[in-house]
1. Taking loop as defined by DSSP and a crowding limit of 14 other beta carbons within 10 Å, which chymotrypsin sites (Phe, Trp or Tyr not before Pro) in the stretch 102-199 fit?
2. Just want to confirm a number: the relative contact order over the stretch 12-112, from Cα pairs under 8 angstrom separated by 6+ residues, in percent.
3. Taking the Cα centre of the chain as origin and charging only Cβ (+1 Lys, Arg; -1 Asp, Glu), how large is the dipole, in debye to the nearest 20?
4. Name the lysines eligible as straight-distance cross-link partners of K185: C-alpha to C-alpha under 30 Å, and not fewer than 8 places from it in the same chain.
5. Just want the answer: with Cβ charges of +1 for Lys and Arg and -1 for Asp and Glu, which residue in G24, A35, G84 is farthest toward the dipole's positive end in the chain?
6. Which of T191, A15, L103 sits closest to the plus end of the dipole of the chain, meaning its Cα is farthest towards the positive end, when Lys and Arg get +1 and Asp and Glu get -1 on the C-beta?
7. Send over a whole-number figure in Å² for the accessible area per residue of the stretch 19-167, probe 1.4 Å.
8. Do any trypsin sites (Lys or Arg not before Pro) in the stretch 63-94 lie in a DSSP loop with no more than 12 other beta carbon atoms within 10 Å, and if so, which?
Amino acid sequence: MPPKVKFTKDEIVAAALRVARTKGAAAVTTRDIGAELGVSTRPIFTYFNTMDEVREEMYRAAMAVYRGYIAEGLKQAVPFFGVGVQYLRFVREEPQLYRFLFLTPRPDGSSSAMAAMRESQEQVQESLMRIYRMTEQEANRLFRDVWIAAHGLATLIVTGGCTYTDRELAEILTSFSVSACKAIKEVPGFTDGTFDRDEVFRKIIGP
């Protein structure tokens, strides 16, 4: 009679995620997971056939951690701003998970970063339209532009090149939000990209 499995599938995935948080998901091996659990690799292969299967479950678990951060942002008075702040907080507190989720290509070639952007956009769209008195198209344009800025800041953080404090990062996001909102509201054709760029700059800086 085979020995009883000591660990559940969820416990194995949780152990893999703990290892990933310290050494990076790409470097996690069955030996690492076994060492984290204090067992051989045998229990792992009770549930998984390959490390690719383990990494797929690690991806789901890491995404759950990320969504927990975003959920906190959605509770803020301005969910759009709250999501941006929480996105950067996730990067700072979980750099290895951020790399795994958003800087590592998925096996099917899809972009997790773009998928996360679309998901968050859907979650804040209604509040953007209501708070900023925008159409759906305008709200989506505002979200896209500020999200791209947030993603750039996230890359600086995760690569160790960011010298800004959390307060300064929040101020930067606010600046991008104000600039994009003003352009959407005051520049005809800005949202759909049909505005006359040269004419707009002439009005700003003069002849």
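1. Answer in residue order: Y164, F195.
2. 27
3. 480
4. K75, K203
5. A35
6. A15
7. For the stretch 19-167, the solvent-accessible area averages 53 Å² per residue.
8. Passing sites in the stretch 63-94 are K75.
The values are calculated or read from the model by the stated rules, or taken from the named source; none is laboratory data. No experiment lies behind these values; they were computed from the predicted model shown. Here Cβ is always computed from backbone atoms with ideal geometry, including for glycine, and neighbour counts include all displayed protein chains. Protein only, heavy atoms only, side chains kept; ligands, DNA and RNA dropped before computing areas. Shrake-Rupley method; radii C 1.70, N 1.55, O 1.52, S 1.80 Å.
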